[in-house]
Amino acid sequence: MANRGPSYGLSREVQDKIDQKYDPELETRLVDWIMLQCGDDLVRPEPGKQNFQNWLVDGTILCRLINSLYPSGMQPIKKIPETKMAFKQMEKISQFLQAAEAYGVTRGDIFQTVDLWEGKDMAAVQRTLMALGSEALTKDDGCFHGNKEWFHRKSKTHRREFSEEQLRQGRTLIGMQMGSNRGASQSGMTGYGTPRQIMRYDSPRRNGDESTP
């Protein structure tokens with residue numbers, strides 16, 4: 001795990017605000033879900049943001065979590081090496097993030113590797129895991145394990161397919177609603193920009209007499 005020095009001044013204030021977004025109750029829910037999803041061989045961490053970070057930071061549990069959401073033989077991460085090498089652990093975190101996005105988590109809900117590795121934004125880590133749980137619950141493919149009340153079920157969009165005949169009828173209907181200009185003419189219309197002619201009431205032309213006075 002990377003070691004960070006203390007923050008000072010403005011950076012300390014920013015970090016404090018980020019830390020305030022971290023939810024201890026959400027931490028408990030996520031730990032419960034991961035334990036059920038990944039199996040009984042996991043050791044539950046002690047409560048607290050730092051312990052939650054230490055539990056996830058090497059990437060192994062995250063990789064196991066995303067793999068558990070797929071049927072046997074279809075897991076996206078084929079090898080999950082146990083290693084103390086920092087760059088290998090960060091690589092596993094990156095593999096999880098890529099697999100989570102491929103699974104359906106939107107990019108805006110994906111945390112950055114340093115958010116977990118350096119503990120810069122553990123609230124973002126919580127947000128990603130909550131989004132992943134919601135995706136798993138919504139898919140309803142038998143791979144989700146846990147309390148369904150823990151996550152929000154996303155609304156499913158229903159895409160309608162239309163046949164060529166239905167599309168043709170729709171275009172015809174729109175044309176009828178818009179009307180037709182068949183038989184119309186510009187007779188009697190004044191051209192754009194042409195000044196109007198105003199005639200006196202007793203003008204011979206107004207009374208039908210084209211002759212000049």
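What the table shows:
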read-out: Subset of the range 27-55 [touching a Phe, Trp or Tyr at 6+ places or on another chain (Cβ under 9 Å), open to solvent by 30 Å² or more (accessible area, probe 1.4 Å), in contact (Cβ under 8 Å) with a residue 40 or more places away in the chain and not basic (Lys, Arg)]; value: Asp32
read-out: Test for Leu62: is it closer than 16 Å to Gln112 by Cα and in contact (Cβ under 8 Å) with a residue 40 or more places away in the chain; value: no
read-out: Residue in the range 111-140 that is farthest from Asp58 (Cα to Cα), counting only those that are among the aliphatic types (A, V, I, L, M) and open to solvent by 30 Å² or more (accessible area, probe 1.4 Å); value: Met130
read-out: Cβ pairs under 6 Å, 6+ apart, first in the range 97-118 and within 21 Å of Pro76 (Cα to Cα), second in a helix (DSSP H, G or I) and open to solvent by 30 Å² or more (accessible area, probe 1.4 Å); value: Asp109/Arg127; Ile110/Glu101; Thr113/Met90; Thr113/Ser94
read-out: Any hit, the range 58-78, residues being farther than 17 Å from Trp33 by Cα, of a type in the set (A, V, I, L, M) and modelled with pLDDT under 90; value: no
read-out: Filter result for Asp58 (in a loop (DSSP other than H, G, I, E, B), within 18 Å of Glu27 (Cα to Cα) and open to solvent by 20 Å² or more (accessible area, probe 1.4 Å)); value: yes
read-out: Residue satisfying all of: in the range 93-110; of a type outside the set (Val, Ile, Thr) and buried (at least 20 other Cβ atoms within 10 Å of the Cβ); farthest from Ser155 (Cα to Cα) among these; value: Phe96
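The values are calculated or read from the model by the stated rules, or taken from the named source; none is laboratory data. Because the structure is predicted, anything quoted here is derived from the model rather than measured. FYI the Cβ positions are ideal-geometry reconstructions off the backbone, even for glycines, and counts take in every protein chain you see. In case anyone asks, the SASA skips ligands and DNA or RNA and just uses the protein heavy atoms, side chains included. Shrake-Rupley method; radii C 1.70, N 1.55, O 1.52, S 1.80 Å.
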